[in-house]
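Visitor: Shown below is the structure under consideration.
Values in this text are rule-based calculations from the coordinates and carry no lab data. Note that the structure is predicted; figures quoted are calculated from it, not measured. So basically every Cβ, Gly included, is an ideal-geometry build from the backbone, and we count neighbours across all protein chains shown.
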Amino acid sequence: MHTIAFCTRCRGMRVGWNTRYVLHCLKCKEWLTKSSKLLFLSVLTSILTLAFSTPGAFVFSDQNSGQLVEAAAFQVPTAAPAADPSVKAIEAFLDRYKVQEGERSRIAAAIVKSGRKYDVDPRLIASIMIVESRANPFAISGADAVGIMQVHLPTWGHRAEKEGINLFKIEDNVEFGVRILKDYVHRFGLWDGVRRYNGYSPEIPTTEQSASEYVGKVQHIYDHKTDTAQSSE
């Protein structure tokens, strides 16, 4: 048997969870004080929220489990790429000749990248660079050669400017220097090409001795590992 309530404003109504009785409880001062109304409203709101809330992220179903697994896959941290062994080898080579540690990895990466691009031995590039500038990106010689590979400005400066090459940037200077070296080696052979890179010209006899000394220095550095291995046997 249902209890019937009566209100001078709302008239008679059945007591319980029905729309008329709930609105009566919320509006009529005769039934509830202001603070009681707020408490009742808060409880009602909480009940409705819990009753109609959507399942949380941790509730799996056939419909959303695949989406949750896929979303989780994006949060898995990816492993750092493995270090290039060729770059590490050139880093060790540069370390032997006291190339500053702060730029060593960058220089090694530039050497390996340009060596692969132009099919030139990175060890040879590094050996030439050590003889030319001791890996100083801002080196300037009395013969107007600049940068880490000592690109000769009177010969190559115009071309570098035309192509927008920054000869004081490590990557640009190495790439441009290796391109020049590749052309000489292709035309004249390995060591004669290295002589030409130093500025040797048959038309200028005075360049013969300095070019020969230059090649000797490059060869000594280039073959240093082989020499060490032979001496230890």
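Visitor: So what's the range 85-232 giving for Cα Rg divided by 2.2 N^0.38 Å, two decimals? Can you show the working numbers first?
Guide: Working: Rg = 14.7 Å, N = 148, 2.2 N^0.38 = 14.7 Å.
Relative to the rule-of-thumb radius for its length, the range 85-232 sits at 1.00.
Visitor: So for Glu213, Glu91, fewest C-beta neighbours within 10 Å to most, what's the order? Spell out each step's value before the answer.
Guide: Working: Glu213 11, Glu91 22.
So the residues, fewest neighbours to most, are Glu213, Glu91.
Visitor: To continue, here is another question. In nm, to one decimal, how far is the Ser201 label point from the Lys98 one, both placed 7 Å along Cα→Cβ?
Guide: 3.5 nm
Visitor: What residues have an amide H closer than 5 Å to that of Ala145, excluding those fewer than 5 places away on the same chain, when H is modeled at 1.01 Å from N in the peptide plane?
Guide: Counting only residues 5 or more places away or on other chains, the set is Leu153.
Visitor: Treat the count of other C-beta atoms within 10 Å as a stand-in for reagent exposure and order Lys169, Lys162 from fewest to most.
Guide: In order of increasing Cβ crowding within 10 Å: Lys162, Lys169.
Visitor: Related question: Which peptide among 155-161, 145-151 comes first, and what is the full order, when sorted by highest mean count of other Cβ atoms within 10 Å?
Guide: 145-151, 155-161
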